[in-house]
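First the structure, in the form of structure tokens, and then the observations on it.
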Amino acid sequence: AAKAGRDGSWARFVPALDAPAADQARLAAGLRDGLGRGDFRVLYQPIVELPSRRITGVEALVRWHDPERGVIPPDQFIPVAERSGLIVPLGQWVLREACRDASAWPGVYVCVNVSPRQLDDPDFVADVAVALADSGLPADRLVLEVTETAVFNGGPAVDALNLLREMGVRIALDDFGTGQSSLGLLLTCPVDVLKVDKSFVDGVTEPGERAVIVQFLSQVASGLNLDTVAEGVETPEQAERLHELGYRKAQGYLFSKPVPASTLFLDRVLSYR
Ligand code: C2E
Ligand code: MG
Ligand code: MG
Ligand code: MG
């Protein structure tokens, strides 16, 4: 199998967004076959409490294990899955898998990424209800991660989120601060959790604009009674500073990379320093 990486080694296989339609169609066909063959896996990345580093939740992150190409990261195929509509069956599979796995982890919640196309699907709310019922996972242990862009224009997507919230499911705004950010969104969109994007977290230990925004978002969230998760934490210094700024939860390579369900709670070194 070819080597994984973002160094362009996939360029031979995976078309860029502006690649010819034929390439996109070939990738979509590959996705459809892979879905039929069961070539997808769900990894889980711990979300930890600060400063204890206790695992409080996990984020489900999908991987495509192509028999010839090896592991393909989601950035390389999710966009094509969205445009082809295949994200609907793929996302439904991830949701069911994540609910089933998480039902075995008492006290731990699971976050599942939901693409705009899924939110617009009229069956989405019912699909979530079935995934919960089949797995036995309590609704309050499921968090659906949506992006600002997906809910920016209101409409059916926001109606779906309101229904899900009535069921007890929580909603997180993912990559917060990188999309069509509007603080008004925090008033009009049903939201429980802000996930502050890695691009801001990266700058939290140096004085500067990014640190100011990270601190401001912590204050906004606490005033609006929203939970906060700092994404992409890579150093102990970042974790410490985030804790000082009021972040109670964090996620990043410092604590753990995404791992298979089978090893999630094995030899994680998550004690505080
Ligand atoms: P995301 O939802 O923002 O997920 C976080 C991404 O950041 C993951 O990349 C994770 O591996 C990576 N990450 C976490 N901690 C660190 C860190 O400390 N440093 C660095 N450099 N990266 C870190 P991944 O797994 O490649 O996923 C990329 C994106 O693909 C996700 O971003 C999400 O938007 C999308 N995605 C993944 N799985 C699914 C899925 O099942 N459905 C949908 N619709 N989208 C998905
Ligand atoms: Mg996410
Ligand atoms: Mg994110
Ligand atoms: Mg992201």
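Can you give me the distance in nm between label points at ASP192 and ASP39, each placed 7 Å from the Cα along the Cα-to-Cβ direction?
Placing both labels 7 Å beyond Cα along the Cβ direction yields 3.6 nm.
How high is the relative contact order of the chain, given as a whole-number percent (alpha carbon pairs under 8 Å, six or more residues apart)? Let's see the in-between values first.
On the way: 455 pairs, mean separation 50.5, N = 273.
Relative contact order for the chain comes out at 18 percent.
Can you give the alpha-carbon Rg of region 116-273 over 2.2 N^0.38 Å, where N counts its residues? Present the calculation step by step, with values, prior to reporting the outcome.
Numbers: Rg = 16.7 Å, N = 158, 2.2 N^0.38 = 15.1 Å.
Relative to the rule-of-thumb radius for its length, region 116-273 sits at 1.11.
Counting each DSSP H run of 4 or more residues in the chain as -39500 (n - 2.57), what helix-only mean residue ellipticity at 222 nm follows after dividing by all residues, to the nearest 500 deg cm²/dmol?
Numbers: 11 runs with 105 residues, N = 273.
About -11000 deg cm²/dmol.
For helix 156-167, what angle does its Cα long axis make with the longest principal axis of the chain, in degrees from 0 to 90 and rounded to 10?
It is inclined by approximately 60 degrees.
For THR56, enumerate residues with amide H under 5 Å from its amide H, sequence gap 5+ or separate chain, H modeled in the peptide plane.
Here the answer is ILE47, VAL48, GLU49, since their amide H atoms fall under 5 Å of that of THR56.
Would you mind checking the tilt of helix 209-223 against the longest principal axis of the Cα atoms of the chain, expressed as 0 to 90 degrees and rounded to 10?
80 degrees
To the nearest 20 debye, what is the magnitude of the charge dipole of the chain about its Cα centre, counting +1 on the Cβ of each Lys and Arg and -1 on the Cβ of each Asp and Glu? Mind showing how you got there, number by number?
On the way: 27 positive and 37 negative charges, 131 e Å.
The dipole of the chain has a size of about 640 debye.
Name the shape class, rounded, prolate or oblate, that the alpha-carbon gyration tensor gives for region 203-259, where a ≥ b ≥ c are the square roots of its eigenvalues, rounded holds for a/c under 1.5, and otherwise prolate holds if a/b is larger than b/c and oblate otherwise.
Since a/c reaches 1.5 but b/c is at least a/b, the shape of region 203-259 is classed as oblate.
In nm, to one decimal, how far is the VAL212 label point from the ALA29 one, both placed 7 Å along Cα→Cβ?
5.3 nm
Can you compute log10 of I(q)/I(0) for region 31-161 with the Debye formula, treating each Cα as one identical point scatterer, at q = 0.17 Å⁻¹?
The Cα Debye sum returns log10 ratios of -0.95.
Show me the ranking of peptides 192-200, 150-158 by mean Cβ neighbours inside 10 Å, starting with the highest. Show your work: numbers first, answer last.
Working: 192-200: 20.8, 150-158: 17.0.
Descending mean neighbour count gives 192-200, 150-158.
Hey, can you rank 177-190, 125-138 by average C-beta count inside 10 Å, highest first?
On the way: 177-190: 14.4, 125-138: 16.5.
Order by mean packing, descending: 125-138, 177-190.
Summing Lys, Arg as +1 and Asp, Glu as -1, what charge do residues with Cβ under 11 Å from the Cβ of ARG170 carry, ARG170 excluded? The partial results should precede the final answer.
Working: positive: ARG141, ARG165; negative: ASP140, GLU145, ASP192, ASP227.
Local charge sum for ARG170: -2.
For the pair SER222/PHE265, report the inter-label distance in nm, with labels modelled 7 Å from Cα in the Cβ direction.
About 3.2 nm separates the two model spin labels.
For region 129-134, what does the Karplus curve 6.51 cos²θ - 1.76 cosθ + 1.60, with θ = phi - 60°, yield as ³J(HN,Hα) per residue in whole Hz, taken in order and with x for Gly and Pro?
Going residue by residue, I get 4, 5, 4, 5, 5, 5 Hz, with x marking Gly and Pro.
Any read-out appearing in this document is the output of simple, stated calculations on the displayed coordinates, not a laboratory observation. From a predicted model like this one, the values you see are computed outputs, not experimental measurements. Positions of Cβ are generated from backbone atoms using ideal geometry, with glycine treated the same way; all protein chains shown enter the neighbour counts.
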